[in-house]
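As structure tokens, the structure follows; a few thoughts come after it.
The values are calculated or read from the model by the stated rules, or taken from the named source; none is laboratory data. Values in this document were obtained by computation on a predicted structure and should not be read as measured data. Methodologically, a virtual Cβ is constructed for each residue, glycine included, from the backbone with ideal geometry; neighbour enumeration extends over all protein chains shown.
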């Protein structure tokens, strides 16, 4: 340590000074006092730094403070003496909202050394803080109960808005040495709330060649800046290779820092022994991927954590090797994380009390020597993998209450011993612990180890200290004794949950074992029960060896299966128990692989045994004392049960059956050659081969199908006279009646009735004096149902019509025990059934004793009705001379009625005459059963004759005249020249009826269509000649006139055509040609007064 710390206390004055010397430069770092009470004034109205008020509560103290007690300021400190009840002092709420990582400390103790002797386990002083009005939390060293001298309670890292300190004192005076009282007098002082100094940076400027940590030229205040002539101190943040340049810093002497960051390319290397790097004030070490922290094979190259209540962090992604990590930060914690291995070549040393190492690294934390507890109440919390090459060591008596917690998913490897030095110590495992060495120096009631839910503890030492308190009955954990050689099996305080014995050697039980989960023996390991009992609540799996104890007779070791769920036994070579008890509260025990032999006593108190395909054997030989004993209270053996039998006239019980039925078998031998007998109940139909059998007045045609018993002899056992008793539990095919019989057969042959019948008592059947040996190939026993014969009387009514359903059967059985039940093959369950069609009907009639008889009855029906039909339609349209004739009738009773109008009217003859054309529904019915009707033809049609002859169409040519309008019209009769039809003409039509001037000249062909009354048609053609015989009409003509003759008495005829107009029915006015005669320009000799006519055409 370079720093010197001075605390000077004067009456009325408190001051402190932190002095750090570094190289050539001394720096002073001031912490900030937020609130301070040193009780220099006598009440809460102080003038101390930051403090304005404090309060006290003595409401629970004796009102007169017995023995002159007090709870007040005395001599510059606060004292609580002989309070006889809890006195409470508490500060005001202190504002810390503008501060970071606030810390608090308070000195406490007893006023004088003699006061120590006045304290007992009921006296205490306790210091708490409350943050933001939250719950009260103890300070580190804040609970001083019982004997106390002096201590300082601290806390740190507090961030919030307000903080209060609370002190609780309760004490009373004590009588010592019989002649004077000693006061119980606690005090506390210097209640200090403060903010630590702010870190200042130091940047390495040394190059790859390196620089000494304690050389001022190695450091700068800024990255890459000039040397500062300073060295890091306890408030410094150290940066190595932050700028990316490779830098090497040597540690040759003790050094201080708050935070150290080694960037890629940087290295911090120890170059001398016995050199400490102290981390201060909740500092950290961070090593990046290409960074290195190297103890360089130096001894006592240490990282030392100081400052009480300070928590620290080491994060490594690079190379990290250190000799020691030392905890001197009482009440503080170190958290290790990162993704690369951290190697501690010597030890982790918990020097101060109440310190914690938490490993969160995803890589290994390798401790090559040991974890060393030289303090109390410290702990290791592992959330990753810790490899301890040697030991976990608690240094000396008095260093109590240390704990190692290996959390879920974590791995803790302990290479050697756990040395406890007669102290209180515990290991709490929720992950995996691999422990090679033993526990040593253990006093009774001091060391506890816990194997929690889902945890695994692999223990490899030969011995297990008897004083260890092992608690292992949690969840699904496993405790595994896995040494290659011999090991003692420790007896837990509670029980093992899953116990595993692996690898090799003999594992010897030191007492009765309680295993509330599974027991596994594997490898070449041997479980030596050492005549101790085993209670198992889970599965038994043995691929090693089980030494159960002394051979029969007289073996006393017992294995009890007492789980609350199904349990299994597995040993492919077969398992042997001395005594076996089944006390399972669920379905019982199942053999999953291999036979089981019980040499002495099989005790079944609760739960079934299911051997599966394997065999449960009781006893070992036919020698007296070796045959084994069965004690049965409850439970069933669901499979093969083999017993050695040496006694006659003794009931031998085989409690076989299923998981729901108890189908026990009891055999009593009259004559016997000793040997073994195996009985198995098979819950399946044994078949009916050999049935029916008859005995007395009963017939046995049916076996109970629910199951049968398969009994096999071996080891020379034989008998020709024995009684057998079978419990037919769950046999529901029939009722077990006094007449129910035991059936027997050999090796799956035919059923027989051997021996003499004894009346059954539900649900048990008996057979006495059974003859015929029990086969070594297997003799089966079943249960037969005996019945007297039942006669089924019946009345049958056949179907009245073909295809009908009015048949019926009525039954009246006799011979059985009423009431009867009926099951017809087609479903009904009554004694009478109706609505039947023709066919066979099967019924099973069962009486009250479940005896039954089958019978089949036939319902008949008449043949189907049938006939032939002949018909003739009317000869002429509208005539009523049609007829229908029904003949060749068959089916039914032979007497018939006929109808042609859908059954509206009926007649006894099949001849129907005088019918018009129409549609008829032809039916025939049985005259003796009118409901039996057959439709012969649903739609028979009588039609009139079919006229397919077309008319004879006759035409004539005609001439027509246009009228004045130029048109002419004709009708069919103008053309018709006597057309005819056999059935009459309905109509005639022309394709052309109108003509005009355009048709004049060329004859027009006209077609006449003649249609008869049956829509037959025919045509003929005629030529129509159109004529226009109407002359044009003058509408204007020239007037008479006088014409002067020329000199020759001649006149020239003028052109008068221009004075003439005319109209015509077929010629347009402009197309009419006007001519005159004589023509114009004709010269006519004439005399005067002569009249000449000019003709206009």
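Checked against the criterion of being at pLDDT below 95, out of contact with any helix residue (DSSP H, G or I) (no Cβ under 7 Å at 6 or more places or on another chain) and part of a strand (DSSP E or B), the candidates 202, 269 yield just one match: 202.
In region 541-556 there is no residue that is crowded, with 23+ Cβ neighbours inside 10 Å, touching a residue at least 40 places away in the same chain (Cβ under 8 Å) and either under 31 Å from the mean Cα position of the chain (by Cα) or not in a loop (DSSP other than H, G, I, E, B) (or both). Answer yes if at least one residue in region 682-696 is free of Cβ contacts under 8 Å to residues at least 60 places away in the same chain, surrounded by fewer than 16 Cβ atoms within 10 Å (Cβ to Cβ), over 47 Å from the mean Cα position of the chain (by Cα) and assigned to a strand (DSSP E or B), and no otherwise. There is at least one residue in region 682-696 that is free of Cβ contacts under 8 Å to residues at least 60 places away in the same chain, surrounded by fewer than 16 Cβ atoms within 10 Å (Cβ to Cβ), over 47 Å from the mean Cα position of the chain (by Cα) and assigned to a strand (DSSP E or B).
Within region 455-468, the set of residues being modelled with pLDDT of 95 or more and either surrounded by fewer than 16 Cβ atoms within 10 Å (Cβ to Cβ) or not in a loop (DSSP other than H, G, I, E, B) (or both) comprises 456, 457, 458, 459. Would you be able to say whether some residue in region 776-792 is surrounded by fewer than 16 Cβ atoms within 10 Å (Cβ to Cβ) and free of Cβ contacts under 8 Å to residues at least 24 places away in the same chain? No, the conditions are met nowhere in region 776-792. From the list 759, 710, the lone residue that is modelled with pLDDT under 95, touching a strand residue (DSSP E or B) at 6+ places or on another chain (Cβ under 9 Å), assigned to a strand (DSSP E or B) and under 29 Å from residue 649 (Cβ atoms) is 759. Tallying residues that are farther than 20 Å from residue 339 by Cβ and assigned to a strand (DSSP E or B) within region 371-405 yields 14. For the residues 313, 325, 336, the requirement of being more than 48 Å from the chain's Cα centre (by Cα), under 28 Å from residue 250 (Cβ atoms) and outside any loop (DSSP other than H, G, I, E, B) singles out 325. Checking 412, 347 one by one, the residue that is touching a residue at least 12 places away in the same chain (Cβ under 8 Å), surrounded by 21 or more Cβ atoms within 10 Å (Cβ to Cβ), in a strand (DSSP E or B) and under 37 Å from the mean Cα position of the chain (by Cα) is 412 and no other. Looking across region 391-409 at every residue that is more than 45 Å from the chain's Cα centre (by Cα) and surrounded by fewer than 19 Cβ atoms within 10 Å (Cβ to Cβ), the one that is nearest to residue 309 (Cα to Cα) is identified as 400. Scanning region 973-984 for residues that are within 24 Å of residue 947 (Cα to Cα) and surrounded by 17 or more Cβ atoms within 10 Å (Cβ to Cβ) turns up 976, 979, 981.
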